[in-house]
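Engineer: My structure is below; once you've seen it, I'll send some questions.
The values are calculated or read from the model by the stated rules, or taken from the named source; none is laboratory data. Small disclaimer: the values here were computed from a predicted structure and weren't measured. Here the Cβ positions follow ideal geometry from the backbone for every residue, glycine too, while neighbour counts run over all protein chains shown.
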Amino acid sequence: MIDFELTPEQQEGIKAAHEAAKELFRPVSRYYDEHEHESPQELIDNIWKRRSEGLFDLGMDATAALRIEELCWGDAGLFLCIPGPALGGAAVFSSGTREQMERFLGGFNEGAPKWGAMAMTEPGCGSDTAAISATAVRDGDEWVLNGEKIFVTMGKRALEDSDGFVVVWATVDKSAGRAGMKSFVVPAGTPGMRVEKLEKKLGIKASDTVTIIFDNCRIPFENILGSPEVRKTETKGFRGAMATFDATRPIIAAQALGVGRAALDFIKETLENEGIKIHYGTPRQKLTALERDIIEMEANYKAAKLLTLRALWMMSQLQPNSLESSMAKAKAGLAVTKITQKAVEIMGPLGYSRKYLLEKWMRDAKINDIFEGTGQINMLITARRTLNYSRDQLK
Amino acid sequence: MISFSPTEEQQMIVTMVKQFASDEMRKIYRECDENGEIPDSVIDTAWKMGLISSSIPEDYGGSGGEHSAITGSLIGEELAWGDLSMTMHILCPALFAYPVLEMGSETQRKKYLPLVCDETYKAATTALIEPRFGFDPYSLSTVAQLDGNEYVLNGEKCYVPLAAEADLLLVYARENGSSQGFIIEKGTKGLDVGEREKNMGIKALATYELSLKNCRVPKENRLGGQKGCDFDRIMNCSRVALSAMATGVAKAAFEYSRDYAKERVAFGEPIASRQAIAFMLAEMAIEIDATRLMTWEAAWKLDRKEEATKEASLVKAYADDMVIMVTDRAVQILGGHGYVREHPVELWLRNGRGFVTFDGMAIV
């Protein structure tokens, strides 16, 4: 039955996450935007103390996505500072064995706060993830990793500030192309791995983005996710990466929605204070320019949200959702980019000023059209799936 | 709990309607558009599916199924994928039946609903739109005034589907500042059906101008009796129906241009292998899906009898833009071939352009 009713659990989750966003994130939002690379230690301690509430357990289903939207409504950069295995966890979860999940994710709720990260992008390859040049060579009971990874979200927190881990994508056989691509878990403190270059960014400044160098970095053989075998006809490793994206893209879309809605709510609140009403039922030709803008922004937000919920629902039904995940990510990334930019325009001098958070949300929003696959890559995937074309048929 | 899966029964209806759309409508839609006529046989075949009577209780002559906006949306999309003119013709009696079913007095339901549950198709229709600049359904120029035991209606209407053959009309008019419905039977003095209209699209659907000159109807013919009608809800049901149909038209155009792009070779490979074309198709696919999901959500609100003006208006505005974007691109992908009437995409563009105008011309 087609249904849009939220479960009581989801409703409570949204409410609690919204309160937390308002109470924990919003008051320090501007500060950590202006003090890039400064750790929001008090906030992290606070979240860590409250971890038993379940509020900050960031799973990959609709219930989690609804909470994530609320938290990102508070602050998308601070959201990324919430301790947890994050994208690294998603990779372990989608291609690891039960034993590996236990080993790598088991301790995340104990001791001190920890973070997980995922390292895919390299200086020479971004969206073209199959062109990865980092290598993993087997040496007895170990893998030896070499290469450089850039734009690793929360890499510093995972590897320098905590006892976390990073999932690294590397090739075990360059001649095998995609079939040779595998992922490996590298725990913090592993010799031969070092964090370099803390990026200065346009937005989500509370989160760190780093370069990681692997220089004869040795890890146990059992740290490979999925099978170590390379069969030229099989691209399991690569498919593992793509399966991870199927799960994470709707979650990124949910993060995007939070930022977009922050801007929408801000505008609506302002209009209300100004006594300006939006007359939704008015015929198109009689709407004011402002009403048209607001309706377009709200409709785009809703479109992105429903595409996101559908992609997650399909995953929960164990249906293949590559197409729908990419659709959701492409739509949400672009929608919130446009919504926040339009919001700045509508608010005029107030929108551009750092006195309000709106200009920050516009900067924060943009990352959603870039990380976990740019808007264009997601359009490419959508196009290939829609046309039933291989990567050779549509480049 | 969030779910995007239609019920088994809904899936059966969708399969049946899809079959009809592809076997019957798709065979003759071009001919119908050129001739401005729809063969009775197609309408009769469609009528036998019982799409309207199945949602009317047995007490009023229907087969007693549930009246659901979600089911209606699913039907609307599939039919409109076949052809929009025929869809609006087939579902035209609903314009009269559903407001009477939902808001009519018991007397009105008993008297009129059996007439739209007949075994053979009988036209019933509605008159809302008016031929003037700045038309607004919430501030109609057509007025109804109470005079003793009768209402006196005066005004001009347009885009009235099947007005010439309809036995029953539901005419909306302004009464004390609000929009109310009035049931007018064919042949009532003062009701004058004008010439058939000539429009850019939906050319196979017969629509008419209508004039009301001191047209008198009994007081009991006010929709909902003393209580009147919930005009917001009627408009919302229309917005949802049209959004579903826009999705269907867009889907037809998307599929056709996608298939064309995979076959048409230029510079040694199918044009679909070029991102300029492929990205257009990807965006079309995304926006069609988004519109469908938004339509379902608004329909779901209507089925729960919740206030849905915001959701219905948002999706309608979105659908209006989406269907133009998609059908225009379909023409563009076919290039010169898209502009000639040998291919259907120009027809879908003409039909798609109308949705922003059609408010009130379809209902779920």
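Engineer: Among A:ILE278, A:ILE267, A:ILE294, which is the only one that is of a type outside the set (Gly, Ala, Ser), within 14 Å of another protein chain (Cβ to nearest Cβ), closer than 17 Å to A:MET362 by Cβ and more than 25 Å from the chain's Cα centre (by Cα)?
Structural biologist: A:ILE294
Engineer: While we're looking at this one, here's another question. Would you mention how many residues in segment B:260-272 are at the interface with chain A (Cβ under 10 Å from one of its Cβ atoms) and surrounded by fewer than 21 Cβ atoms within 10 Å (Cβ to Cβ)?
Structural biologist: Residues in segment B:260-272 being at the interface with chain A (Cβ under 10 Å from one of its Cβ atoms) and surrounded by fewer than 21 Cβ atoms within 10 Å (Cβ to Cβ): 3 in total.
Engineer: Output yes when any residue across segment B:17-38 is of a type in the set (Ser, Thr, Tyr) and within 14 Å of another protein chain (Cβ to nearest Cβ), and no when none is.
Structural biologist: no
Engineer: Across segment A:300-318, what is the total count of residues that are more than 21 Å from A:ARG67 (Cα to Cα) and either at the interface with another protein chain (Cβ under 10 Å from one of its Cβ atoms) or hydroxyl-bearing (Ser, Thr, Tyr) (or both)?
Structural biologist: 0
Engineer: Only one of these is closer than 28 Å to B:GLY354 by Cβ, modelled with pLDDT under 95 and hydrophobic (A, V, I, L, M, F, W, C): B:VAL160, B:VAL171, B:VAL116, B:VAL143. Name it.
Structural biologist: B:VAL116
Engineer: Sort through A:ASP369, A:ASP364 and tell me the only one that's touching a Ser or Thr at 6+ places or on another chain (Cβ under 6 Å) and more than 10 Å from chain B (Cβ to nearest Cβ).
Structural biologist: That would be A:ASP369, the only listed residue that is touching a Ser or Thr at 6+ places or on another chain (Cβ under 6 Å) and more than 10 Å from chain B (Cβ to nearest Cβ).
Engineer: Looking at (1) away from chain B (no Cβ under 14 Å); (2) surrounded by fewer than 19 Cβ atoms within 10 Å (Cβ to Cβ), which one does A:LYS338 not meet, given that it meets all the others?
Structural biologist: (1)
Engineer: (1) in a helix (DSSP H, G or I); (2) touching a Leu at 6+ places or on another chain (Cβ under 7 Å): which one isn't true of A:TYR356, the others all being true?
Structural biologist: (1)
Engineer: Any residue that is more than 14 Å from every other protein chain (Cβ to nearest Cβ), charged (D, E, K, R) and surrounded by fewer than 20 Cβ atoms within 10 Å (Cβ to Cβ) - is there at least one of those in segment A:67-88?
Structural biologist: Within segment A:67-88 (the criterion being more than 14 Å from every other protein chain (Cβ to nearest Cβ), charged (D, E, K, R) and surrounded by fewer than 20 Cβ atoms within 10 Å (Cβ to Cβ)), the answer is no, since none of the residues qualifies.
Engineer: I've got another one for you. (1) touching a helix residue (DSSP H, G or I) at 6+ places or on another chain (Cβ under 7 Å); (2) surrounded by fewer than 16 Cβ atoms within 10 Å (Cβ to Cβ): which one isn't true of A:ALA289, the others all being true?
Structural biologist: For A:ALA289, the failing item is (1).
Yes/no matrix, rows are residues, columns are (1) part of a loop (DSSP other than H, G, I, E, B); (2) at pLDDT 95 or above; (3) in contact with a strand residue (DSSP E or B) (Cβ under 7 Å, 6 or more places away or on another chain):
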| residue | (1), (2), (3) |
| --- | --- |
| A:LEU6 | yes, yes, no |
| A:LYS22 | no, yes, no |
| A:TYR31 | no, yes, no |
| A:ILE44 | no, yes, no |
| A:LEU58 | yes, no, yes |
| A:PHE79 | no, yes, no |
| A:SER94 | no, no, no |
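Engineer: While we're here: Please enumerate the residues belonging to segment B:3-16 that are within 14 Å of another protein chain (Cβ to nearest Cβ), out of contact with any strand residue (DSSP E or B) (no Cβ under 8 Å at 6 or more places or on another chain) and not hydrophobic (A, V, I, L, M, F, W, C).
Structural biologist: Correct list: B:SER5, B:PRO6, B:THR7, B:GLU8, B:GLU9, B:GLN10, B:GLN11.
Engineer: Something else: Would you mind finding the one in B:TYR138, B:TYR121 that is assigned to a loop (DSSP other than H, G, I, E, B), at pLDDT 95 or above and under 22 Å from B:GLU209 (Cβ atoms)? Before you say what the answer is, go through the steps one by one.
Structural biologist: Values: B:TYR121 fails: under 22 Å from B:GLU209 (Cβ atoms).
That would be B:TYR138, the only listed residue that is assigned to a loop (DSSP other than H, G, I, E, B), at pLDDT 95 or above and under 22 Å from B:GLU209 (Cβ atoms).
Engineer: Scanning segment B:210-259 for residues that are among the hydroxyl-bearing types (Ser, Thr, Tyr) and surrounded by fewer than 21 Cβ atoms within 10 Å (Cβ to Cβ), which turns out nearest to B:LYS301 (Cα to Cα)?
Structural biologist: At the first step, the residues of segment B:210-259 found to be among the hydroxyl-bearing types (Ser, Thr, Tyr) are B:211, B:238, B:243, B:247, B:256-257.
Going one step further and asking which of them are surrounded by fewer than 21 Cβ atoms within 10 Å (Cβ to Cβ), we end up with B:211, B:256.
Details: B:SER211: 35, B:TYR256: 32 Å.
Once the filter is applied, the top-ranked residue is B:TYR256.
Engineer: For the condition outside the structural domain of B:ALA204 (by TED's automatic domain parsing), over 19 Å from the mean Cα position of the chain (by Cα) and either under 19 Å from B:ILE363 (Cβ atoms) or part of a helix (DSSP H, G or I) (or both), what is the one hit in B:ILE43, B:ILE70, B:ILE28?
Structural biologist: After ruling out the rest, the residue left standing is B:ILE28.
Engineer: Separate question: Would you call B:ARG341 among the basic types (Lys, Arg), outside the structural domain of B:GLY36 (by TED's automatic domain parsing) and either more than 23 Å from B:GLU77 (Cβ to Cβ) or in contact (Cβ under 8 Å) with a residue 40 or more places away in the chain (or both)?
Structural biologist: In short, yes.
Engineer: For segment B:274-364, please list each of the helices (runs of 4 or more DSSP H) lying entirely inside it that holds at least 2 residues being within 8 Å of chain A (Cβ to nearest Cβ) and among the β-branched types (Val, Ile, Thr).
Structural biologist: By residue number, B:275-303, B:309-334.
Engineer: Among (1) free of Cβ contacts under 8 Å to residues at least 60 places away in the same chain; (2) crowded, with 20+ Cβ neighbours inside 10 Å; (3) not hydroxyl-bearing (Ser, Thr, Tyr); (4) not in a strand (DSSP E or B), which single condition is A:ARG178 missing?
Structural biologist: (1)
Engineer: When you check A:MET327 against the structure, is it touching a Leu at 6+ places or on another chain (Cβ under 6 Å), under 30 Å from A:LEU380 (Cβ atoms), in a helix (DSSP H, G or I) and modelled with pLDDT of 95 or more, yes or no?
Structural biologist: yes
Engineer: Within the bounds of segment B:283-297, is there any residue that is among the basic types (Lys, Arg) and out of contact with any strand residue (DSSP E or B) (no Cβ under 7 Å at 6 or more places or on another chain)? Before you say what the answer is, go through the steps one by one.
Structural biologist: To start, the set of residues in segment B:283-297 that are among the basic types (Lys, Arg) comprises B:292.
After this cut, where a residue has to be out of contact with any strand residue (DSSP E or B) (no Cβ under 7 Å at 6 or more places or on another chain) as well, the list is B:292.
So far as segment B:283-297 goes, yes, one or more of its residues are among the basic types (Lys, Arg) and out of contact with any strand residue (DSSP E or B) (no Cβ under 7 Å at 6 or more places or on another chain).
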